[in-house]
Amino acid sequence: MNTVTNVSECRQAITAARKSGKSIGFVPTMGGLHEGHASLIRRSRDAGDFVVVSIFVNPTQFGAGEDFSRYPRPIENDAALCRSSGCSLLFNPEVSEIYPPGDETRVRPGRLADGMCGPFRPGHFEGVCTVVARLFNIVQPDTAYFGQKDAQQAVIIRRMVADLRFPTRIEVCPIVREPDGLAMSTRNAYLSPEQRKQAASLYRGLRTGQELIQRGERNAGKVVFAIRAVLDDAGPSHIDYIAVVDPETLAEQDEISPPVMIALAVRLEGARLIDNLIVTK
Ligand code: PAF
């Protein structure tokens, strides 16, 4: 595995790989890597790609007062995980490499960013689209791999790729969970042991909602109410939202018509966690 920090080295390495007949797979990350990221890297490796992983904590997707400065940056561990999972090229740029002096261009998503996390994180998805567009332009991947945990992000990026005519296929890979169901996330590192136990209630809540829908409940309000009860029962938290949405359009459903996605965002002191589950019938 080679590591590069600037755009021209990155492009050179990728051009050489492409000339040798390799497809280019891309896993964009902000580091703080875990099994979820490893599963994306392995997926790209198993597809036979020349696997490019970026580690870049993107300042434009963090709001004022969010965790940009304390976001984990364990670069040695991250590089080891990349290597052992099958990464070919690690791109680890400085902020000025992605946002050069005088930078002012942004990619603004549309209505897909209006619901769910959008109102709670103003500007977040604009920052995500902006950095992903820049990274795609540098890497020019054939396939880019994203995790289903960030479901809204994945839908918005699919839209952006279609709208901006990027020649990149987006593959969204399943959520990787801890044994108690907690979705793997870099931000789980912020949780105290007590909060960590409480955090398992997110998945329990989603499963409760899934069971209700599978038993025939079609009233989204009732499903949300039952999930809220599971979360409340586990201890104090601040629920940003619990939503039942169409998995593709993200439109909220009052009357449930599967397939639907149940999605939620919960703040435990110091950590904002998101999770979702798709219910097919
Ligand atoms: O999902 C993430 O880690 C980030 O939002 C991404 C896609 C790497 C953009 O910074």
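Observations on the structure shown:
- Volume per residue for the chain equals 131 cubic angstrom (convex hull of Cα atoms).
- Extension gain from A80 to D114, taking 0.36 nm per residue of separation minus the Cα-Cα distance: 8.5 nm
- With a cut-off of 14 Å between beta carbons, the residues surrounding G216 carry a summed charge of +1, where Lys and Arg count +1 and Asp and Glu -1.
- Cα-based helix-to-principal-axis angle, 7-19 vs the chain, degrees rounded to 10: 80 degrees
- For Y241, distant residues with modelled amide H under 5 Å away: A265
- Percent accessible area from carbon and sulfur atoms, the range 1-76, protein chains only, probe 1.4 Å: 49 percent
- The share of accessible area on the range 130-177 that comes from carbon and sulfur is 49 percent, using a 1.4 angstrom probe.
- Counting 0.36 nm for each residue step from T15 to N219 and taking away their Cα separation leaves a gain of 68.2 nm.
- Computed from Cα positions, the angle between helix 193-214 and the longest principal axis of the chain comes to roughly 70 degrees.
- Taking trypsin sites (Lys or Arg not before Pro) across the range 124-198, the ones in a DSSP loop with at most 15 further Cβ atoms lying within 10 angstrom of their Cβ are R165.
- Estimated [θ] at 222 nm from DSSP helical runs (n ≥ 4, -39500 (n - 2.57)) normalised by residues in the chain, nearest 500: -12000 deg cm²/dmol
- Solitary cysteines of the chain, where the nearest other Cys Cβ is not under 4.7 Å: C10, C117, C129, C173
- Lysine-lysine proximity count for the chain, Cα under 26 Å, sequence distance 8 or more or distinct chains: 5
- The relative contact order of the chain comes to 17 percent, based on Cα pairs under 8 Å that sit 6 or more residues apart.
- The loop-placed GluC sites (Glu not before Pro) in the range 1-98, going by DSSP, that have at most 10 neighbouring Cβ atoms within 10 Å of their Cβ come out as E94.
- For the chain, the solvent-accessible area with a 1.4 angstrom probe is 48 square angstrom per residue.
- The local environment of E248, defined by Cβ-Cβ distances under 11 Å, has a net charge of +1 under the rule Lys, Arg +1 and Asp, Glu -1.
- Applying 1/(1 + (r/R0)^6) with r as the Cβ-Cβ distance of K197 and M1 and R0 = 35 angstrom yields a FRET efficiency of 0.45.
- Rounded to the nearest 20, the size of the Cβ-charge dipole of the chain about its Cα centre is 580 debye, with Lys and Arg at +1 and Asp and Glu at -1.
- Hydrodynamic estimate: the Kirkwood radius of the range 83-226 over Cα pairs, inserted into Stokes-Einstein at 25 °C and 0.890 mPa s, corresponds to D of 135 µm²/s.
The values are calculated or read from the model by the stated rules, or taken from the named source; none is laboratory data. On a predicted model such as this, the values are computed, not experimentally measured, just so you know. When we count neighbours, we look across all protein chains shown, and the Cβ atoms used for this are built from the backbone with ideal geometry, even at glycine. In case anyone asks, the SASA skips ligands and DNA or RNA and just uses the protein heavy atoms, side chains included. Shrake-Rupley method; radii C 1.70, N 1.55, O 1.52, S 1.80 Å.
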